[in-house]
Amino acid sequence: MRSSNYLRQAKRRQNRSIVDDQIGCLPNDRIVGKDTLANIMDVTVTSIERWIRDGMPVDQRGDHYNDWVFDLSAVKEWRQSLSD
C-alpha cells in the first residue's frame, strides 16, 4: 500500500504538468494564487506561507476580495539567493 505522502506528491506532479502548460500563456510569469505557486514550486501551501513571512516577493497580497499574485521569476531568484 502506498503512503498518503506518496499519493499527494504524485497528485502535485500531475497538477504541475497541467499548470506548466498554462503558465506559458501568462504575461511576465505572473502567478495567481498560493496553491498554483505551490504546485509549480512542488511544495505545500504551508511552505509558501512560510516563505511569505520570510520575505518572499509578492506582487499583490490577497484578502477576501483579491487573489495573491506572485512574479515567478522574482520568486525563483529569491529562492536562489537563499541557497547561495
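Bear in mind these aren't lab numbers, they're just calculated from the coordinates by the rules spelled out. Owing to the predicted nature of the structure, the values given are computational and were not obtained by experimental measurement. Cβ placement follows ideal geometry from the backbone for every residue including glycine, while neighbour counts extend to all protein chains displayed.
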| task | Specify the residue that is nearest to Tyr6 (Cα to Cα); the eligible residues are those in the range 26-52 that are free of Cβ contacts under 8 Å to residues at least 40 places away in the same chain and loosely packed, with under 13 Cβ neighbours inside 10 Å. | result | Asp42
| Given (1) more than 12 Å from the chain's Cα centre (by Cα); (2) surrounded by fewer than 13 Cβ atoms within 10 Å (Cβ to Cβ), where does Trp78 come up short, assuming only one miss? | (2)
| request: Could you grab the pairs with beta carbons closer than 8 Å, sequence gap of 6+ or different chains, first residue in the range 68-84 and free of Cβ contacts under 8 Å to residues at least 60 places away in the same chain, second one among the small types (Gly, Ala, Ser)? | output: Trp68/Gly33; Trp68/Gly62; Val69/Gly62; Trp78/Gly55
| task | Please state which of the following conditions Gly55 fails to meet, knowing it meets all the rest: (1) under 18 Å from Arg30 (Cβ atoms); (2) surrounded by fewer than 15 Cβ atoms within 10 Å (Cβ to Cβ). | result | (1)
